[in-house]
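The values are calculated or read from the model by the stated rules, or taken from the named source; none is laboratory data. Keep in mind the model is a prediction, meaning the values are calculated, not measured. Positions of Cβ are backbone-derived with ideal geometry, glycine not excepted, and every protein chain shown enters the neighbour counts. All accessible areas refer to the heavy atoms of the entire protein, side chains included, with ligands and DNA or RNA removed. Shrake-Rupley method; radii C 1.70, N 1.55, O 1.52, S 1.80 Å.
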Amino acid sequence: MYTKKVFKAKDMAKWTRFETLFFFIFIVIVVSIYYFLNIQWFKIPWTPLALIGTAVAFVIGFQNNSAYGRIWEARKIWGGIVNTSRTFGMFVQDMIGNEHAKNNYPEEEIRENIKTLTYRHIAWMTALRHSMRTRKSWETVIDEKSNQEWVKVVAPPEWSSTLEKDLEPYLSEEDLTYTLSKNNKQTALLYLQSHHLKELKNQGKIWEFSFLQLENVLEELFTLQGKSERIKNFPYPRHFASLNHYFMWLFVLLLPIALVPQFSEIGEQISKSLPFIGDLFIWLSVPFYVIVAWIFHTMERIGRTGDNPFEGSANDVPISTIARGIEIDLRQNLGETNEEIPKQFPQIYDTQM
């Protein structure tokens, strides 16, 4: 996720350079036709075009609000995962022991059970973030050339590793085989957690009330997982996205037919006192058109890039960083040293697109 105060102007210009070039060439062609072929009569009044522009602005605003809502909901879900994970780590450490055990189990065995449950939770977060990074058929924004340039800079770590490789440090061979055999790996891991807690409860290593508390935490994790999967597996409705796209292009392509004649008429008025400037005034419509078209197109594109908050773009929710941060907290509280704990994923300060 890009976290600087603002995107650099040169990065924004580079990100939209293909569309900007198209707008420039398009308006130059239109102005040339008007100027050299003298067809100033071919125009449309501003009123219908203004109505179209107003409608397009409302639709773009609706899409951008919806996209931001999806991003913000995803961030709240993963914020919930942070809090619930810390709660789970605390409960596991404090609720597993010999206080209610049928036999006096060795302290090493108690610590091993705590570590197994904690590591399996880290594996659950790992499986969930890998699942969120899996490409869906509607996640096509990342295929655009200028977006691929950003991906080279801020590509999520899940794309450079495999789920099996990332799960190996946290699971036993038996648990790893079981997990990889299931379609929904993260759900399988929560089932393993519940089975393990039940076994500890039967052995008396967990008091029955504590067992219920831990099961409630697993229920909350299931809820948060389901919410995250809901956003991932349900795209922004295609009819809204399609109409927004078509309306924007309709406005952008019709705009010169009203804008260029307006500049031409102003030029005719100026020609009465300044013939040379009045004759060339029509060409001022080129930068004005490029600016207006760029703004409408860029706002529409921003909405499209925010529709899928786990796709892997520069504006995604940083689930990899969040999951690694939770892992560091949990493992530090297990008493592991900094040398044993993996480092946080590096923050990129210079995009160098």
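Using a probe of 1.4 Å on the protein chains alone, the accessible area found for Leu218 is around 10 Å². Straight-distance candidates among the lysines for linking to Lys76, with alpha-carbon spacing under 26 Å and chain neighbours fewer than 8 residues away dropped: Lys4, Lys5, Lys136, Lys185, Lys227, Lys232, Lys343.
With only Cα atoms counted, region 72-161 has Rg and Dmax values of 19.7, 64 Å. Find, among the GluC sites (Glu not before Pro) in region 68-135, those assigned to loop by DSSP (not H, G, I, E, B) with at most 15 other beta-carbon atoms within 10 angstrom. Here the GluC sites (Glu not before Pro) that fit, given the DSSP loop and packing criteria, are Glu99. Per residue, the accessible area of region 7-71 comes to 61 Å² when a 1.4 Å probe rolls over the protein heavy atoms.
Give a quick list of trypsin sites (Lys or Arg not before Pro) in region 278-353 that DSSP marks as loop, anything other than H, G, I, E or B, with at most 11 other Cβ atoms within 10 Å. Kindly include the intermediate steps, with their values, before the conclusion.
Values: sites: Arg301, Arg304, Arg324, Arg331, Lys343; in loops: Lys343.
Those satisfying the criteria are Lys343.
Taking θ as phi - 60° and the Karplus parameters 6.51, -1.76 and 1.60, the scalar couplings of region 90-105 work out to 5, 4, 4, 5, 9, 9, 9, x, 9, 4, 10, 6, 5, 10, 8, 7 Hz in sequence order, x denoting glycine and proline.
Ordered from longest to shortest, the equivalent ellipsoid semi-axes for region 145-269 are 57, 20, 12 Å, each the square root of 5 times a Cα gyration tensor eigenvalue.
Rounded to the nearest 500, what is the chain's calculated 222 nm mean residue ellipticity when only DSSP H runs of at least 4 contribute -39500 (n - 2.57) each, over all residues? Walk me through the intermediate numbers first.
Values: 13 runs with 248 residues, N = 353.
My calculation for the chain gives -24000 deg cm²/dmol from helical runs alone.
So what's the angle, to the nearest 10 degrees on a 0 to 90 scale, between helix 285-305 and the longest Cα principal axis of the chain? It works out to around 20 degrees.
3J(HN,Hα) couplings calculated from phi for region 210-216 with the Karplus curve 6.51 cos²θ - 1.76 cosθ + 1.60 (θ = phi - 60°) are, in sequence order, 5, 4, 5, 4, 5, 5, 5 Hz; Gly and Pro show x. Using the alpha-carbon atoms, what tilt in degrees (0 to 90, nearest 10) does helix 17-37 show relative to the longest principal axis of the chain? Taking Cα atoms only, the helix is inclined about 10 degrees.
What net charge is computed for the residues neighbouring Lys227, neighbours being all others with C-beta under 14 Å from the C-beta of Lys227, Lys and Arg scored +1, Asp and Glu -1?
In short, +1.
Derived from the Cα gyration tensor, the three semi-axes of the equivalent ellipsoid of the chain are 60, 19, 15 Å, largest first. Computed over protein heavy atoms with a 1.4 Å probe, the carbon and sulfur contribution to the accessible area of region 256-307 reaches 77%.
Just how large is the dipole of the chain about the Cα centre, in debye to the nearest 20, putting +1 at every Lys and Arg Cβ and -1 at every Asp and Glu Cβ?
Working: 37 positive and 39 negative charges, 226 e Å.
I would put it at about 1080 debye.
For region 22-116, what is the per residue volume of the convex hull drawn over the alpha-carbon atoms, in cubic angstrom? List each step's numbers first, then the result.
Numbers: hull volume 13.5 nm³, N = 95.
Measuring per residue, one finds 142 Å³ for the Cα hull of region 22-116.
List the trypsin sites (Lys or Arg not before Pro) in region 72-149 that DSSP assigns to loop (not H, G, I, E or B) and whose Cβ has at most 13 other Cβ atoms within 10 Å. Which are they? Before the final figure, lay out the partial values.
Values: sites: Arg75, Lys76, Arg86, Lys102, Arg111, Lys115, Arg120, Arg129, Arg133, Arg135, Lys136, Lys145; in loops: Lys102, Arg133, Arg135, Lys136.
Those that pass, being in a loop and sparsely packed, are Lys102, Arg135, Lys136.
How large is the accessible surface per residue of region 256-353, computed with a 1.4 Å probe and reported in Å² as a whole number? All intermediate terms of the calculation are to be shown ahead of the outcome.
Values: 4650 Å² over 98 residues.
That works out to 47 Å² for each residue.
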